[in-house]
Amino acid sequence: MKIVEIYPVSVEEVNEWLVDAMYTAEGHDRNVIGTIGIMLEDFSGFIHDNPNLKKLFMKYLESAETEDEVIH
């Protein structure tokens, strides 16, 4: 059984985590973190701003849980 932990965070929290990670990453990892940051910020804002997407995301989490993934 896989355990997937999901913590809803605001766009600001995602941005803060990624900015902090930028200072500890080196080389190629730093570029990857920057790209991930942009993608996560867009995705987080997209979900938070759209009530229908929130419902669909919750449906996805429920589906994942029934397929032997424990969601916290």
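Which residue, chosen from ILE6, TYR60, GLY34, occupies the Cα position most advanced towards the positive end of the dipole of the chain, where the dipole is computed from +1 (Lys, Arg) and -1 (Asp, Glu) charges on Cβ about the Cα centre?
After comparing all options, I get TYR60.
What 222 nm value per residue comes from the helices of the chain, counting each DSSP H run with n ≥ 4 as -39,500 (n - 2.57) and dividing by all residues, nearest 500 deg cm²/dmol?
Roughly -23500 deg cm²/dmol at 222 nm, from the helical runs in the chain.
Want the number for ASN50 to SER63: 0.36 nm per residue separation, take away the alpha-carbon distance, what's left?
2.7 nm
Extending each Cα 7 Å along its Cβ direction at SER10 and HIS28, get the distance between those two points in nm, one decimal.
3.6 nm
Consider the candidate values [x] 11.1, 33; [y] 14.6, 40; [z] 12.9, 42; state which one is Rg and Dmax of the Cα atoms in Å computed from the structure displayed.
[y]
Hey, got the dipole for the chain? About the Cα centre, +1 on K and R Cβ, -1 on D and E Cβ, debye to the nearest 20?
For the chain, the charge dipole is close to 220 debye.
All of the numbers you see were taken from the coordinates with simple rules; none came from a lab. Note that the structure is predicted; figures quoted are calculated from it, not measured. No Cβ is skipped: glycine too gets one built from the backbone with ideal geometry, and neighbour counts run over all protein chains shown.
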